[in-house]
Amino acid sequence: MISFGSGLVILAVALAVWAPGRCGLARAFASVRAGTVPWWYLCGGAGGALFVLSQGITGAVLGVALFTVAVVGGQTISSLVIDRTGIGHALPGAITVTRLVGSALALVGVTVAVSARFGGDIPAWMLLLPFAAGLAVAVQQAVNGQVRRIAGSALTATFMNFLVGTIVLSVAAVVHGAFVGVPDRWPTDPVLFLGGPIGVAFIGAAVRVVRITGVLLLGLGSVAGQLAASIVLDVVVPTTVRTVVTSTVIGTLLTLVAVAIAALPSRTIARGPIRAR
Amino acid sequence: MLWPTELRGRNGYSYYLACAGRRAGSKARADGRARSRAIDGPIALDPVTLMHPAHSQRAMALGVLGAVAVGALTAI
């Protein structure tokens, strides 16, 4: 909530001083009113909100490892389908051998990377929420890319993402507050407030990249980058809680190889609806 | 290979022209084919990136690196 809210404030200020962003917002809403764009294209932020909610609800019980594997599983499956339908791309992309092999290898890589943190007796149904969040995150990246194309501005797409995400999380916070009460004070650690600016940078960059790579490569690439950066952080800023283990390094390398494989052109297994000639 | 006539309607003719024009200096002819000044012949854009084939692989590689960088940002 703090991350989404602070990100929204930053983007609202940026939108106030950046006219092309405001024009993009008008274009996006005009397209929805004209019926050329589905209204739910503007609701990508709900996917991010679902991710945050699932992290809050199941993260503590599942642990980082299972949560990550469930999210990446959902994200990968959803990305393959979305790229084939063409929501993320300008055109529907075919499902190729390398994309399937890369996706499978990435799942193995992520599982190996976080395997050191597996453990505990976890109810299987709890995996459904992060899995669903993974499905939603892929849709979020696809429709945000479309909003950026329609609006002609990455700022517009990022703003809409944070606006919708903040609304969804606000509703969830009200419901949560009604049952268990509201916290009596704000967090004091300033590092926790970095989530907003980092989220803005993440979404802003993703809406640009997704138009070129598609949702699958964006998802796999960002997971690989996250794992690799985590290792670098653990080495550069070591803590007593986290240590770099061999399985993490091997899994991360596997994931990076998987991204490279998925990016290679290869034979088509299932082609999109537009035929080449 | 995809020609502008096949792209029109679903994704917009202008997007193809803007992309091709920016990347390869291409012009669409009345029959829907594109002709590149650099290649001096009909070209087909990469169906995934909608870019000139010569630029597509480089753009894809840069895009994947961008995705990795975006992910690295979230680790912070």
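Read-outs throughout are calculated quantities, based only on the coordinates presented, and are distinct from any laboratory measurement. The model shown is predicted, which means the values in this text are computed figures rather than measured ones. Heads up, the Cβs are rebuilt from the backbone with ideal geometry, glycines too, and the neighbour counts pull from every protein chain shown.
Treating only the Cβ atoms of Lys and Arg (+1) and Asp and Glu (-1) as charged, compute the dipole magnitude of the range A:24-180 about its Cα centre; round to the nearest 20 debye. Present the calculation step by step, with values, prior to reporting the outcome.
Values: 7 positive and 2 negative charges, 90 e Å.
It comes to approximately 440 debye.
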Mind running the shape call on chain A? Use the C-alpha gyration tensor, a ≥ b ≥ c as the square roots of the eigenvalues: rounded below 1.5 for a/c, prolate if a/b tops b/c, oblate otherwise. oblate
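Per-residue ellipticity at 222 nm for chain A, helices alone: DSSP H runs ≥ 4 residues times -39500 (n - 2.57), over residue total, nearest 500 deg cm²/dmol? List each step's numbers first, then the result.
Details: 8 runs with 201 residues, N = 277.
Value at 222 nm, helices only, nearest 500: -25500 deg cm²/dmol.
If you place +1 on the Cβ of every Lys and Arg and -1 on the Cβ of every Asp and Glu, how big does the dipole about the Cα centre of chain A come out, in debye to the nearest 20? Write down the numbers at each step before the final one.
On the way: 16 positive and 5 negative charges, 239 e Å.
Using Cβ point charges on Lys, Arg, Asp and Glu, chain A gives about 1140 debye.
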